[in-house]
Amino acid sequence: MVTTLPKTDVVLIGVGWTGGILAAELTKKGYKVVGLERGKRRTTSDYLMVHDELRFALRYDLMQDLSKETVTFRNNEKMRALPMRQYGSFLLGTGLGGSGVHWNGQTWRFLPYDFQIRTLTEERYGKNKIPAEMTLQDWGITYDELEPYFDKFEQMAGISGEENPFGGARSNKFPTPPMKVTPITGLFKEACANLGYKPFSQPSANLSEAYTNPDGIARAACQYCGFCERFGCEYGAKADPVVTVLPVAESSGKFDLRTNSNVVEILHEGNRATGVRFIDTQSGEEFIQPAEVVAVTSYVLNNVRLLLQSNIGKPYDPKTGTGVIGKNYAYQNMCANTTGFFEDKEFNVYAGAGSLGMSIDEFNGDNFDHSELNFIHGANISLSQLGKRPIQNNTVKPDTPSWGAKFKEESVKYQNRSISFNAQGASMPYRYHYLDLDPTYKDAFGNPLLRMTYDFQEQDNEMSKFMASKTEQIMKEMGASEVIVQREKGPYNIVPYQSTHNTGGVIMGDNPDTSALNSYLQMWDFENVFVPGASAFPHNSGYNPTGTVGALSYRAAEGIDLYLKNGGSLV
């Protein structure tokens, strides 16, 4: 038996950053919003005095249960895709706040170049610079048009930072000053300056000082405990949806939050969504939630899967290059891993924060000449002092035995005498990198798993070698006695952890033939469906994605308001 609930103005499928921002902004305007979150409710008290590395970092307490739902993966179409049975390359968050709870807090704005990447690349280097198989396209919105929404996200979250000398123009300074400069980040900063670069502090959602945002939400300053990535913050110092936007929505009296509610279908009549069907994961009861607007507000993968599963939008076909749902899946080119061993210096590597770090942007975007290079875009080079944790930290030189007395001796020696950093490279889309429904494997509810087809390309390898030459130079300038650098990239391997920055699959643009969404994150062919996650990115930049996801979410909230008032396509 299916129970049909009273109709609402807006239903959210997922309550992380995107769902939380929409809930806050739309309830302020008086709309009734229902938020459906398949995970459980969480508060900051859940993390009080539980800096438990085993529970959160190794047993993934805040992540999705892969025995019930996962993805299948293959490098190319000639391979058989198999399910990801254990966490490796990326992590899938679940629960109220989603990945916005266990993120590091690094809050970047994508560069102006990113939003007009095809136009600007062809203008500077000619059309032949972009390979035929690279499905690169502009986003349908410029940086200047999106800037007010970046600012709104930063003011809400209280981002701490200082101006990126290579970033786009800002309407306001960061709301709070940059985080501390430590002996480690200070050494990186000095070395970069000696080499003629312009280092600056990373933009951080870990507050550098106590802050009250424009909604009246007050939060405490970061304690530099080093338990951010894969952990919730018991102080509320790290901005997450649970301590910023959701209290605003809940205080309105207009927000109905339902946790343990897994949406399995978007219902529609013709090209108009009528609501969603969801299952209470605790009781097994099935419900229909009618709504005037459906907002698909997971980060990336579940957005794509749910649209495909519900026959919303035209699935992407890599053979013909037509269709849009599943198109332009991209990842992150984490490259040039560089470790320095210091015989004459010791550091406190166990203090830190998720976005405590120093960066340079000389080799990101199109900030440097690519005329003689076999790749486009670039990477942000950063030293992030996250705070090492005792179980997973054991840095020794490559020629050290992996067991025995020598291994123990070297482990103790370099425990506080080694520093690592890398380059976070952009990921370009290719014709045969896409997401679709797996024809074989299903989840616990009997629905097809999402299938991922992806591999690194020569573009990624060339970028990696170039960035390695820069990171090695910096580490030597820092005074390391020995420097180990990873230069080459092999095929993409889903087993080792790399980054949770998956993007694409429901991309935005200025043409319904090549994109699923317009600049308000509204679907071209389903006008009452909005999809504002990182699934909207036509490619991935050389940064963490959350700042841009936040900006797009504020843009989508404005679009939904316009749609509810006037109806029709907003572009």
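The values are calculated or read from the model by the stated rules, or taken from the named source; none is laboratory data. No experiment lies behind these values; they were computed from the predicted model shown. In this analysis, Cβ positions are derived from the backbone assuming ideal geometry, glycine residues included, and neighbour counts consider all displayed protein chains. Please note that ligands, DNA and RNA were not included when accessible areas were found on the heavy atoms of the full protein model with its side chains. Shrake-Rupley method; radii C 1.70, N 1.55, O 1.52, S 1.80 Å.
For segment 154-196, the candidate set comprises residues that are β-branched (V, I, T) and not in a helix (DSSP H, G or I); within that set, the residue that is most open to solvent (accessible area, probe 1.4 Å) is V181. Taken over segment 278-301, the criterion of being under 27 Å from the mean Cα position of the chain (by Cα) and open to solvent by 50 Å² or more (accessible area, probe 1.4 Å) is satisfied by T281, Y299. When N206 is tested against (1) surrounded by fewer than 17 Cβ atoms within 10 Å (Cβ to Cβ); (2) in contact with a Cys (Cβ under 8 Å, 6 or more places away or on another chain), just one condition goes unmet, and that condition is (1). Determine, yes or no, whether L356 is open to solvent by less than 60 Å² (accessible area, probe 1.4 Å) and more than 25 Å from E25 (Cα to Cα). Yes, satisfied.
Flag: I117 matches the condition of being crowded, with 21+ Cβ neighbours inside 10 Å, out of contact with any helix residue (DSSP H, G or I) (no Cβ under 8 Å at 6 or more places or on another chain) and not acidic (D, E).
Here is the figure for segment 68-82: residues that are surrounded by 19 or more Cβ atoms within 10 Å (Cβ to Cβ) and not in a loop (DSSP other than H, G, I, E, B) total 3. Residue pairs whose Cβ atoms lie under 6 Å apart, sitting 6 or more positions apart in sequence or on different chains, and linking a residue in segment 128-153 that is under 17 Å from G167 (Cα atoms) to a partner that is outside any loop (DSSP other than H, G, I, E, B) and of a type in the set (D, E, K, R), are Y149/R555. I'd like to know if segment 140-153 contains one or more residues that are of a type in the set (V, I, T), out of contact with any helix residue (DSSP H, G or I) (no Cβ under 8 Å at 6 or more places or on another chain) and open to solvent by 10 Å² or more (accessible area, probe 1.4 Å). Checked against the condition, which is being of a type in the set (V, I, T), out of contact with any helix residue (DSSP H, G or I) (no Cβ under 8 Å at 6 or more places or on another chain) and open to solvent by 10 Å² or more (accessible area, probe 1.4 Å), segment 140-153 yields no hits at all. The set of residues in segment 330-353 being over 23 Å from P203 (Cβ atoms) and either surrounded by 24 or more Cβ atoms within 10 Å (Cβ to Cβ) or hydrophobic (A, V, I, L, M, F, W, C) (or both) consists of G340, F341, F342, F347.
Within this structure, V304 fails the test of being part of a strand (DSSP E or B) and either of a type in the set (A, V, I, L, M) or under 25 Å from the mean Cα position of the chain (by Cα) (or both). Any residue that is touching a strand residue (DSSP E or B) at 6+ places or on another chain (Cβ under 7 Å), under 27 Å from V300 (Cβ atoms), open to solvent by less than 30 Å² (accessible area, probe 1.4 Å) and charged (D, E, K, R) - is there at least one of those in segment 312-320? No, segment 312-320 contains no residue that is touching a strand residue (DSSP E or B) at 6+ places or on another chain (Cβ under 7 Å), under 27 Å from V300 (Cβ atoms), open to solvent by less than 30 Å² (accessible area, probe 1.4 Å) and charged (D, E, K, R). Hey, among the residues in segment 12-67 that are within 25 Å of L450 (Cβ to Cβ) and hydroxyl-bearing (S, T, Y), which one's surrounded by the fewest Cβ atoms within 10 Å (Cβ to Cβ)? So, considering only residues that are within 25 Å of L450 (Cβ to Cβ) and hydroxyl-bearing (S, T, Y), the one surrounded by the fewest Cβ atoms within 10 Å (Cβ to Cβ) is S67. As a summary of the residue check, L521 satisfies the conditions (1) surrounded by 18 or more Cβ atoms within 10 Å (Cβ to Cβ); (2) touching a residue at least 40 places away in the same chain (Cβ under 8 Å) except for the one numbered (2).
Looking only at segment 464-484, count every residue that is more than 17 Å from T185 (Cβ to Cβ), among the hydrophobic types (A, V, I, L, M, F, W, C) and not in a helix (DSSP H, G or I) and tell me the total. Adding up the residues that qualify gives 2. Looking at (1) modelled with pLDDT under 95; (2) touching a strand residue (DSSP E or B) at 6+ places or on another chain (Cβ under 6 Å), can you tell me which one M428 breaks? Status for M428: all satisfied but (1).
So is T500 touching a residue at least 24 places away in the same chain (Cβ under 8 Å) and either among the charged types (D, E, K, R) or within 27 Å of G354 (Cα to Cα) (or both) or not? Don't jump to the end; show me each part of the working.
Details: touching a residue at least 24 places away in the same chain (Cβ under 8 Å): yes; either among the charged types (D, E, K, R) or within 27 Å of G354 (Cα to Cα) (or both): yes.
When the stated conditions are applied, T500 passes them.
The single condition among (1) touching a Ser or Thr at 6+ places or on another chain (Cβ under 7 Å); (2) within 30 Å of A191 (Cα to Cα) that E362 does not satisfy is (1).
For segment 33-61, a tally of residues being within 30 Å of D9 (Cα to Cα) and either hydrophobic (A, V, I, L, M, F, W, C) or outside any loop (DSSP other than H, G, I, E, B) (or both) returns 5.
Highlighted here are the strands (runs of 3 or more DSSP E) found entirely within segment 321-410 that include at least 1 residues which are in contact (Cβ under 8 Å) with a residue 24 or more places away in the chain and within 22 Å of E482 (Cα to Cα): 333-341, 357-360, 379-384. Just to be sure I understand, how many residues within segment 236-262 are open to solvent by 10 Å² or more (accessible area, probe 1.4 Å) and either part of a strand (DSSP E or B) or under 19 Å from N311 (Cβ atoms) (or both)? Within segment 236-262, residues that are open to solvent by 10 Å² or more (accessible area, probe 1.4 Å) and either part of a strand (DSSP E or B) or under 19 Å from N311 (Cβ atoms) (or both) number 5.
Within segment 443-492, the set of residues being surrounded by 20 or more Cβ atoms within 10 Å (Cβ to Cβ) and hydroxyl-bearing (S, T, Y) comprises T453, Y454, S464, T471.
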